[in-house]
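The values are calculated or read from the model by the stated rules, or taken from the named source; none is laboratory data. Here the structure is a predicted model, which means the values were calculated and not measured. For neighbour counting, all protein chains shown are included, and Cβ atoms are generated from backbone atoms with ideal geometry for every residue, glycine included.
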Amino acid sequence: MASMRRPSFLILSALALGPLHGYAVIKEVSRLSGDRTQLAAGTLYAALDRLSDEGLIEVDREETVDGRLRRHYRLTDPGIAALAAEAEQMRRDARMVAQRLRGAGPAGAPRAA
């Protein structure tokens, strides 16, 4: 399985606690990323459509608010599995990097052969 794009990972992570509508997903992604990822509405809805097409999320419910349709999205079982697999891969990658950094020594110092 190919590595998941960061926005997709964050969107799925935002939905991990329960259904959210689009604007709430944008806010939660921002919060989860420490404000490092700001999704534009067009980017979000394109990603939601793609994740839905992939079977990772689905519409939980729809409601009309101020005359506008608001969709709430939720993770599917395959979405939960994909998110868990990506999180585990990130943990393995982080452990590998930490091990390499422990062996790197101070910056600029020659490494033992």
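Testing R70 on (1) modelled with pLDDT of 95 or more; (2) in contact with a His (Cβ under 8 Å, 6 or more places away or on another chain), one condition comes back false. Which one is that?
Condition not satisfied by R70: (1).
Anything in the range 34-48 that is surrounded by fewer than 14 Cβ atoms within 10 Å (Cβ to Cβ) and under 16 Å from S13 (Cα atoms)? List them, or say none.
Passing the criteria: G34, D35, R36, Q38.
If a residue must be hydrophobic (A, V, I, L, M, F, W, C), assigned to a helix (DSSP H, G or I) and within 16 Å of L17 (Cα to Cα), how many such residues does the range 30-80 contain?
Looking only at that region, the number is 2.
Does L20 count as in contact with a His (Cβ under 7 Å, 6 or more places away or on another chain), more than 15 Å from M4 (Cα to Cα) and at pLDDT 95 or above?
So L20 fits the description; yes.
Taking the condition of being closer than 22 Å to R6 by Cβ, of a type in the set (K, R) and surrounded by 12 or more Cβ atoms within 10 Å (Cβ to Cβ), how many residues in the range 56-101 meet it?
Total satisfying the criteria: 1.
Which pairs have Cβ atoms under 8 Å, sit 6 or more apart or on different chains, and link a residue in the range 75-94 that is within 24 Å of D53 (Cβ to Cβ) to one that is of a type in the set (D, E, K, R) and part of a helix (DSSP H, G or I)?
none
Counting only residues that are within 12 Å of L44 (Cα to Cα) and surrounded by fewer than 15 Cβ atoms within 10 Å (Cβ to Cβ), which one in the range 8-28 is nearest to the chain's Cα centre (by Cα)?
My answer is K27.
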